[in-house]
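Structure, as structure tokens:
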Amino acid sequence: MSTATTAGTTAPSRGPVTELFMGGGRGRRLTWILVGLLLLVSAVRVISGQQALTSSSTMAATLLLAVPLLLAALGGLFAERAGVVNIGLDGMMILGTWGAGFAGYQWGWQGAVLGGILMGALGGLLHAVATVTFGVDHVISGVAINILAAGVVRFLSESIYVDNPAGGGVTQSPAMSSRPPTFSLPVLSSGPDLLGKLENLHWFLLSDLAGVLRGFTNGVGVLTVVAVLMVPGAYLLLWRTAFGLRLRSCGENPAAADSLGVPVYRLKYIAVVISGSLAGLGGVFLVFIANIYREGQTNGRGFIGLAALIFGNWRPGGLAAGAGLFGFADALQLRSRTGVVALLLLVAILLLAVAVVQGARGKITQAVTAAAFAAASLVGYIVIDELPEGIVSFTPHLTTLLVLSLASQRLRMPKADGLVYRRGEH
């Protein structure tokens, strides 16, 4: 899978990091883009005076808010690479939160992990039965699971938590009996805390880099580390193993895969159950943050995870970037309402760059649209001192919508994604 032959010529092999993020020979350009973004954010932080843009507390909150989206998006990746659209990610996350809350108050954080994964897997299994075995439209099945999950967890809570001596009620579980362990890097992020001291100097670029690194290495939970490692793990499994090749063939051309002996139905089942398990694990993370299950805890994060999957072009690294973008915008609006105003300046510069690139490619409509939004963002930064609370809370969603609609991407979904497959039919 790492080489391609055309007319007797073998193309150079793509590097693993490049393949992880882009799926093409763009690793060096990606590195420069990341460096450029850090320079840009640092410059905006100096101009606006909003230290929250790159503070370690904002970065830590970004990690906490991005991980559930990352896990949901990874769940969607497995299902859609096997040809099954999983609109029911949010419902599977809901089941995962309830399973984590129920098992967590009885058996601690280890039980919460197992309970959330199991409940999410059951949601995935239901989706697989409906779509793979009975041929139900994937979107209809996913919407039904979202509706069903909300009703199921309410019924279970009423049956188990009402008049429960351990506490809880119709809309929440008792608190977990133990919390997962966390760790910090010695010397750098704890103890002498060298990164924290450098961050407090507020130097250009160096302090910003220190804030980012400290936020990602101070008080990090074990599930966070596991979730981050799942990104390269998913890439290696799907793009570097025979199992991954067979699974992806089910989402590209299931008839051809079937003719070569690939167990298409079985792999679709496995992929969708894995998808539900990962979405359930995202629900577990939400319970870890609150130390309790609460009704409505997902707050639509399954749908944002699906958007991150599309933004990432159905690639592990790309969906991680999408989850990180939403997590950063969400963290900033929680940490500083005035910091969100500074985000308008950052968005204006980014959209101006998008307008220039689109104009150079001859896409006048996209260029004009991006330039108009850039001008509006710049005017907003100049004239607004503090955004109203309602608009501030919507900032992450607005940022995600702008990026999804205006960013230049060559999106390519799996060819058979969402199609009902029946052996012998074409």
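The values are calculated or read from the model by the stated rules, or taken from the named source; none is laboratory data. Bear in mind that the values here come from a model prediction, so they are computed numbers and not experimental data. Heads up, the Cβs are rebuilt from the backbone with ideal geometry, glycines too, and the neighbour counts pull from every protein chain shown. Only protein heavy atoms, including side chains, enter the accessible area calculation; ligands, DNA and RNA are left aside. Shrake-Rupley method; radii C 1.70, N 1.55, O 1.52, S 1.80 Å.
By the rule of a C-alpha distance below 21 Å, with chain neighbours fewer than 8 residues away ignored, the lysines paired with Lys415 are Lys268.
Excluding ligands, DNA and RNA, the accessible surface per residue across the chain is 46 Å² with a 1.4 Å probe. Please report the relative contact order for the chain, taking Cα pairs under 8 Å with a sequence separation of at least 6, and give it as a percent rounded to a whole number. Relative contact order for the chain comes out at 28 percent. Each of the peptides 171-182, 336-347 was scored by the mean count of other Cβ atoms within 10 Å over its residues; in descending order, highest first, they stand as 336-347, 171-182. In the chain, the portion of solvent-accessible area held by carbon and sulfur atoms comes to 68 percent [1.4 Å probe, whole percent, DNA, RNA and ligands not counted].
Our summary gives the range 234-337 a relative contact order of 15 percent, counting only alpha carbon pairs under 8 angstrom and 6 or more residues apart. Between Leu148 and Leu39, how many nm apart are label points set 7 Å from Cα along the C-beta direction? Each label point is offset 7 Å from its Cα along the Cβ direction, giving 5.3 nm.
At the listed q of 0.10, 0.23 Å⁻¹, the Debye profile of the range 294-397, built from one uniform point per Cα, gives log10 I(q)/I(0) equal to -0.35, -1.21.
With the convex hull of its Cα atoms as the shape, the chain has an orientation-averaged projected area of 23.4 nm².
Computed per residue of the chain from DSSP H runs no shorter than four, each worth -39500 (n - 2.57), the mean residue ellipticity at 222 nm is -23000 deg cm²/dmol. Each semi-axis of the equivalent ellipsoid for the range 55-102 is √(5λ) with λ an eigenvalue of the Cα gyration tensor; in descending order they amount to 24, 16, 6 Å. Within the chain, helices built from complete DSSP H runs that reach 20 Å or longer along their own axis (Cα positions) and carry a mean Kyte-Doolittle hydropathy of 0.0 or higher are 27-48, 56-81, 89-128, 138-160, 222-239, 264-290, 316-335, 337-360, 364-383, 389-406.
Legend: calculated FRET efficiency, Leu194 to Ala353, from the Cβ-Cβ distance at R0 = 41 Å, rounded to 0.05, equals 0.75.
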